[in-house]
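Shown next, in structure tokens, is the structure this report addresses.
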Amino acid sequence: MTRLSISLIPVVLLILLLAGSCVKDPSPPSGQEGKAFNFIVTEQQRQHINSSRGEQYEISDPLPRLDYGGSEYTIDRFEIRGDNTLNFERKGFGVNMGDKIILYNRFSGTERKYEEFKLLAMVYDYTYIENSVATGLLREAELWPVLSFFNEVRLNGRTQGLYHFIEDPVEYFIERENSSCVVRRGYDHAIKSFDINPVQLQNEGLYRARFRNIYNILPEYSGQQLFDSLSAYIDLEQYFTKLSIDLLLKNGDYTDEIFFYSKVKDGKEMFGVFPWDYDDLFSDEPHEIGNWWATGTVFGSRKYSSVEDVVADVGNKLLFSVEDDLDYIIAKDEYIYQKYLLTLKSVMEKVDMNRIDMIFDMTLEDIGPFYDNDSIIAQAKYDVQATSRSLFLDNLARKRQMLKDRRNWISGEIDSRKNFK
């Protein structure tokens, strides 16, 4: 090699480095989040999926196939799902795989096969950050054990936009954790859905009754007796933790967005808590304001026209909502409320400024790259609100500071209201 060619090496390297820094890579992350879920359907099926409104149904005859990461997978069930999201062009999907798909969980550091999962369209989730922030907080609070990440979904190669992949919670708790049953709560403590472990089929009535007993005993006892009685049916520490996160996030809709799963704690079987569907956050007021049909009826009819009406009923308590009767009695019963405050204090201590920054930094890392793909983000025009990269960054910064301010406010209020025994 000549002296001239040797002298040119640093120049060439510098040019390559500068070129690399000027070229913007439009692709999403290189892990599983960078691989789109491309569902192969007939053109008639695709058009019906996008055009249908208010209809929950399954796609079959033929069943779709999934093209993912260069491999093709069979599907046993493909469901168009959701509640209000059924009224939008971008639909939510429930998928039951024929060929299980192998995915990596970066939080557990493990890789395994998955059979059932949900793909949430997040049409109400402004700039797509709310589910990410919520699951980050819930994971820190040890209430989010399932795999979840953000990804593009396509139908026949046509992008449907950004989706939130969530491992099916019913399959997780029954198949992975061997829970006897999983109950989804509805309004006025109705059972919105119920899934039973096949080995417990003969005990279905027993588990349904156990769930109803949570509400049957609410008007029967008070104070420590009520606390002890409830503790026989539900992991109150988990439930209090969920209410703490809901308060921090100003969750506007959660009465029917919660699963109860059977678990064993301290040698006793009871219901654990799994939160669901966090796309209505940072609300100005709780859901029960003006929605008289939604409040529980265990303690009679409860109607609130304003937040002041709620305060007049239960006092100025550190709960975001008292729509459900269980939450209502937590606010009304001073002994149980003080127990709740202990958990609230612990959660706020865990969710410090560093944890909040970590969650928002991860949200930027996970979702930010998708904003480099115009075709993906353009699908937000079908959502409640369109988005853009500037709106995303602005919302991320504002909500980061809002959460820090709210966390500090809650912590200060706890110290001024506590009466721990």
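One table, with the values for the structure above:
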item: Test: Ser411 is more than 25 Å from Asp235 (Cα to Cα), outside the structural domain of Leu243 (by TED's automatic domain parsing) and surrounded by fewer than 19 Cβ atoms within 10 Å (Cβ to Cβ); result: no
item: Odd one out for Ile102 among (1) among the aliphatic types (A, V, I, L, M); (2) buried (at least 21 other Cβ atoms within 10 Å of the Cβ); (3) under 19 Å from Glu175 (Cβ atoms); result: (2)
item: Within region 176-207, tally of residues that are part of a helix (DSSP H, G or I) and either of a type in the set (Ser, Thr, Tyr) or in contact (Cβ under 8 Å) with a residue 24 or more places away in the chain (or both); result: 4
item: Filter result for the condition that a residue is touching a helix residue (DSSP H, G or I) at 6+ places or on another chain (Cβ under 7 Å), more than 28 Å from Arg400 (Cβ to Cβ) and assigned by TED's automatic domain parsing to the domain that holds Ile217, over Lys339, Lys317; result: Lys339
item: Within region 235-337, helices (runs of 4 or more DSSP H) holding 3 or more residues that are touching a residue at least 60 places away in the same chain (Cβ under 8 Å) and either in contact with an Asp or Glu (Cβ under 9 Å, 6 or more places away or on another chain) or not acidic (Asp, Glu) (or both); result: 236-249, 325-332
item: Matching option when the condition is surrounded by fewer than 21 Cβ atoms within 10 Å (Cβ to Cβ) and within 24 Å of Asp352 (Cα to Cα), among Phe282, Phe227; result: Phe282
item: Count - residues of region 147-182 that are surrounded by 22 or more Cβ atoms within 10 Å (Cβ to Cβ), farther than 23 Å from Asp372 by Cα and of a type in the set (Val, Ile, Thr); result: 2
item: Which listed residue, of Val153, Val123, is in a loop (DSSP other than H, G, I, E, B) and in contact (Cβ under 8 Å) with a residue 40 or more places away in the chain; result: Val123
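The values are calculated or read from the model by the stated rules, or taken from the named source; none is laboratory data. Small disclaimer: the values here were computed from a predicted structure and weren't measured. Neighbour counts run over all protein chains shown; Cβ positions are idealised from the backbone, glycine included.
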